[in-house]
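Comments concern the structure below.
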Amino acid sequence: MKKVALVFVIAVLVPSLVLAWLAVRSLRDQQFLLERQQSLLCQRVTDGLANEVAGRLAARQQEFAGQVENLTANQEARAVGVQFDSRIRKNWALAEVGFCVTLAGKILSPAANARTEAQMFYLDNGAFLGNREAAEVYNNSLSTANNLANLTRNNVSQGLALNDVYGSSFKAAAPASLAAPVARQKMEPVRAATRALDSDKLKSDDASQAATVPPAREAPSQSTFSNRGQQARKVNPQSVNFETSKDASVDEQKYLSKVIPAEAEFRQLIGNDMDGMLARFLQNKLTLMFWHRLNREPDLIFGAQLNLSRVVDDLRGLVQAEPAMRDEICLVLLDDNARPAVVSRPGFSANWKRPFVATEIGDALPHWEIAAYLVNPAQLTQAAQTAKLSLGLFIALLLLAIGVGSWLIVRSLNAELKLARQKTDFVSNVSHELKTPLTSIRMFSELLAEGRVTDAAKQHSYLNIITAEAARLTRLINNVLDFSRLESGEKKYHFQPCDLTDLVRQTVATFRPHLESSGFKLECELPDAPVPVRGDADALAQVVVNLLSNAEKYSNGGKVITIQLAAQQTPLPYAEIRVLDRGTGVPRGSGEKIFEKFYRAHDSLSSGVQGSGLGLTIARQIARAHGGDVVYEPRAGGGSCFSLRLPTATPAATG
Ligand code: ADP
């Protein structure tokens, strides 16, 4: 049994569990892939949109440059510079405050005593624009950063202070000549008109610049131009989870902002560029500035602080999902506090800090992000969850099947074992049952044969014993033969009309002498009228004999056996032969089992009663073959009551 269990575990249980585990794993990978695919798709959308927003701001910056060029086209630049605040606001809606400052740090506009916004601007930015203090700014001009880096390198080698580099001697040089190629390219369209006019001057300026830039004296300190390091992003996109890398530092980077502020003075920041964008946080509020300078007047810088709400309005049209994705995602422009500035789906709300994916816009709008939220976050996991559920159910069913299968195997093994045990018992019981009568027959027949018994009465008694034992042997052998025929389906019945009253009477008459010789009293209660049935008289007589024989075997000292025959009319007409004894009765719970083959409720050792466990099995099979049954019920007052019930035949059928 243990071996079978081990084989079962190794051959069925372990492989099934391994398969289930593999299935769960592959499902998890599949879900991960699905989520990653979706996140990549959304990431492409937010990346594209962030670029578009940056592009729109760059276009506005160029628009501003165009405005400056227009305003100064036919006028003296300084004169325009003095009134620049009012002039630019009139001409260009995005401007909140216009300013004009010289490279030396003199602020021409707005005037310190102008309108309130201008005054505020002056207070906030005066020192920075006037190059009196360094400020933490986000500079959206790559060329400026390059220039600063180049100049810083040169200055380190030449020992020149940055302040001197951008000092009075620098003013004489044409900044355009110093601008990096990138900056030149970027500003090409805006300056195309002016460049043609100034090209000759620029050439000579280029030449003079090389001569006029004074040698550097000392390296810039970290405090005059330094990066403050990365800040944490304001949002925590879920997509970061789908991209977990093995390198922890790479993972950390995903939570850090890519935009890094630089601390520098205005003059240092603009370097040699012709225009650019700057962003500053003043009292935690973002301020955006565009600036531009003229080729013909490079020491004058025209700039404008932008009206942020108008900028946002300007970007509103951009923040729209493609029609194909409109029902799936909501795109949001988040400000530097992760609050929604523009939402693509009206009325949409979510945990703004937990977008599905998000992309930083960059230096143009530092710490602002384009975020995508799933309109129905459950949808993504729904398919996976359904698959998970199905797989779970499948595994549960598999385990259930394994459980039920193993239970059935164990049950059938137990049954087989029990049957094997019963068969062994049967063989030993039958051998014993054969041996006992054979011994008696041999002993008494030898006594008679040797002529040692002369007394006629004794001779008669010995002959009776021999007859009874032979009858017992016949019964046993009949039972065994009948059983094997029944089992193999070879048993043939000869159905014919017969009278049960007559059949019982005859059987009792044959069995009575044997019973009475053993001290039993057999009471026979038969009806006067015949009870017609259709059946095999020999087979039915065998059933009655088996029941009487059992009543004798399990009498346990109760020496009265009753046999009754009665015809009943309800529910259907049937005849009932009852054999009642006052013996041990069938132990509780074995009432049905005693009809199983080889089953013995009283085992030979403890009860001392021999048997094969086949008598009742055969009796029931015969009864059922006749459309009836044999049933057991305990007899009131002790003992057993076995009933053979048979359907009665109509007189016509009995013939
Ligand atoms: P056997 O008598 O050869 O063992 P049976 O099939 O005739 O086989 O009987 C099955 C079991 O039913 C018996 O072993 C016995 O335990 C129980 N049994 C049968 N008849 C009686 C009875 N009249 N009283 C008590 N127990 C009985």
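Residues that are more than 12 Å from the ligand (Cβ to nearest atom), modelled with pLDDT under 90 and either out of contact with any Phe, Trp or Tyr (no Cβ under 9 Å at 6 or more places or on another chain) or hydrophobic (A, V, I, L, M, F, W, C) (or both): does the stretch 522-536 have at least one? Scanning the stretch 522-536 turns up no residue that is more than 12 Å from the ligand (Cβ to nearest atom), modelled with pLDDT under 90 and either out of contact with any Phe, Trp or Tyr (no Cβ under 9 Å at 6 or more places or on another chain) or hydrophobic (A, V, I, L, M, F, W, C) (or both). Would you say F495 is more than 22 Å from Q610 (Cα to Cα) and either within 16 Å of the ligand (Cβ to nearest atom) or in contact (Cβ under 8 Å) with a residue 24 or more places away in the chain (or both)? Considered against the rule, which asks whether it is more than 22 Å from Q610 (Cα to Cα) and either within 16 Å of the ligand (Cβ to nearest atom) or in contact (Cβ under 8 Å) with a residue 24 or more places away in the chain (or both), F495 comes out as yes. How many residues are over 58 Å from the mean Cα position of the chain (by Cα) and of a type outside the set (G, A, S) when one looks only at the stretch 590-613? Residues flagged as over 58 Å from the mean Cα position of the chain (by Cα) and of a type outside the set (G, A, S) within the stretch 590-613 amount to 3. Among the candidates L413, L417, the residue that is closer than 19 Å to A5 by Cβ, in contact with a helix residue (DSSP H, G or I) (Cβ under 7 Å, 6 or more places away or on another chain), modelled with pLDDT of 80 or more and in a helix (DSSP H, G or I) is uniquely L413.
Taken as a whole, the condition of being of a type in the set (S, T, Y) and touching a helix residue (DSSP H, G or I) at 6+ places or on another chain (Cβ under 8 Å) does not apply to S86.
Checking each residue of the stretch 569-577 against the condition of being free of Cβ contacts under 8 Å to residues at least 12 places away in the same chain, more than 7 Å from the ligand (Cβ to nearest atom) and of a type outside the set (V, I, T) gives at least one match. None of K593, K597 is free of Cβ contacts under 8 Å to residues at least 24 places away in the same chain, within 12 Å of the ligand (Cβ to nearest atom) and of a type outside the set (A, V, I, L, M, F, W, C) except K593. Applying a threshold of 7 Å to beta carbon distances and a minimum spacing of six or more residues, or different chains, the list of pairs starting in the stretch 601-620 at a residue that is part of a helix (DSSP H, G or I) and ending at one that is within 7 Å of the ligand (Cβ to nearest atom) and of a type in the set (V, I, T) reads L616/I594. Summed over the stretch 537-556, the residues that are modelled with pLDDT of 90 or more and not in a helix (DSSP H, G or I) give a count of 2.
The values are calculated or read from the model by the stated rules, or taken from the named source; none is laboratory data. The model shown is predicted, which means the values in this text are computed figures rather than measured ones. Every residue, glycine among them, receives a Cβ derived from its backbone with ideal geometry; neighbour counts consider all protein chains shown.
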